[in-house]
Amino acid sequence: GQSLEQPSEVTAVEGAIVQINCTYQTSGFYGLSWYQQHDGGAPTFLSYNALDGLEETGRFSSFLSRSDSYGYLLLQELQMKDSASYFCAVRARSNTGKLIFGQGTTLQVKP
Amino acid sequence: GAVVSQHPSWVICKSGTSVKIECRSLDFQATTMFWYRQFPKQSLMLMATSNEGSKATYEQGVEKDKFLINHASLTLSTLTVTSAHPEDSSFYICSARDTGSTDTQYFGPGTRLTVL
């Protein structure tokens, strides 16, 4: 089976940088994705890492180390609108591309 | 990114009735769609994988006779909650897999089900 661990809550101030870590245990691994979800809304795709290294998309970056079964999401120049839940998700090594989600990290950005 | 729609966005029903939720991929074809359930302040729990033209694959502990899934076309999957009870009240979210260059799942806006 698969399991993912990420912190339950993180608090930061506007303009700061925050890193949300994700460690995983999996019998098969095809990549790590990150999703953002605002209260009452649907998850929005942020990034995907299949290979080791850093992927940058604007203010958000995601990193993966397969040897350490570890990844993180880095959010820079935090804005109030970044307050949301962030989920890491492992893609199962299957033809369907099934995702298994972590429990989510609630990020609160303060003025 | 690609667009996935869900209908209805919310529904209130009486205990014992059945409710159908539709999930559509609007600008791409999806041979695979997924159905999730999310309780307040919790993560997304995968219920089943919906495969176009074949039977759905259910996760362990999900009753296939209670949560009927039909994936009749490359752009539409439906989830029917049969004989709904209050404990079925939840946020149901679908996603569609776009097997294009990024092979990404895109989520619908979700359906809030309340069973009285």
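The values are calculated or read from the model by the stated rules, or taken from the named source; none is laboratory data. These numbers come from a predicted model, not from an experiment. Don't worry about glycine lacking a Cβ; one is built from the backbone with ideal geometry, like all the others, and counts go over all protein chains shown. These area figures cover heavy atoms from the full protein model, side chains too; ligands, DNA and RNA do not enter into them. Shrake-Rupley method; radii C 1.70, N 1.55, O 1.52, S 1.80 Å.
Summary table below
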| quantity | calculated |
| --- | --- |
| Globularity ratio of the protein assembly as shown, using Cα Rg and 2.2 N^0.38 Å | 1.01 |
| Under 23 Å between alpha carbons - lysine pairs in chain B that sit 8 or more apart or on different chains | 7 |
| Span per principal axis, largest first, for the Cα atoms of the range B:29-88 (Å) | 31, 24, 19 |
| Chain lengthening between residue A:27 and residue A:9 when straightened (0.36 nm per residue, less Cα-Cα) | 3.8 nm |
| Surface share of carbon and sulfur [accessible, 1.4 angstrom probe, percent] for the protein assembly as shown | 49 percent |
| Hits among aspartates and glutamates - C-alpha to C-alpha of residue A:98 under 19 Å, sequence gap 8 or more where chains match | A:5, B:52, B:59, B:63, B:98, B:103 |
| Size of charge dipole - the range B:1-80 - debye, nearest 20, with Cβ of Lys, Arg +1 and Asp, Glu -1, no other charges | 260 debye |
| Pairwise FRET efficiency - residue B:42 versus residue A:59, Cβ, R0 = 25 Å, nearest 0.05 | 0.40 |
| Fraction of antiparallel bridges per DSSP, chain B only, in percent to nearest 5 | 90 percent |
| Accessible area expressed per residue, the range A:26-109, with surrounding protein chains retained (probe 1.4 Å, Å²) | 44 Å² |
| Considering only the protein assembly as shown, percent of DSSP beta bridges that pair antiparallel, nearest 5 | 90 percent |
| Compactness of chain B as Cα Rg over 2.2 N^0.38 Å, two decimals | 1.00 |
| Per chain B, cysteines lacking a partner by the 4.7 Å Cβ criterion | B:13 |
| For chain A, share of DSSP beta bridges that run antiparallel, in % to the nearest 5 | 90 percent |
| Under Karplus coefficients 6.51, -1.76 and 1.60, residue-wise ³J(HN,Hα) of the range B:30-36 in Hz, glycine/proline x | 10, 6, 10, 10, 10, 10, 10 |
| Kirkwood-Stokes translational diffusion coefficient of chain A, alpha-carbon pairs, 25 °C, 0.890 mPa s, µm²/s | 175 µm²/s |
| R0 of 25 Å, Cβ-Cβ distance residue B:70-residue B:14: FRET efficiency to nearest 0.05 | 0.60 |
| Protection proxy ranking, peptides B:48-59, B:11-22, B:73-84, average beta carbon neighbours within 10 Å, highest first | B:73-84, B:48-59, B:11-22 |
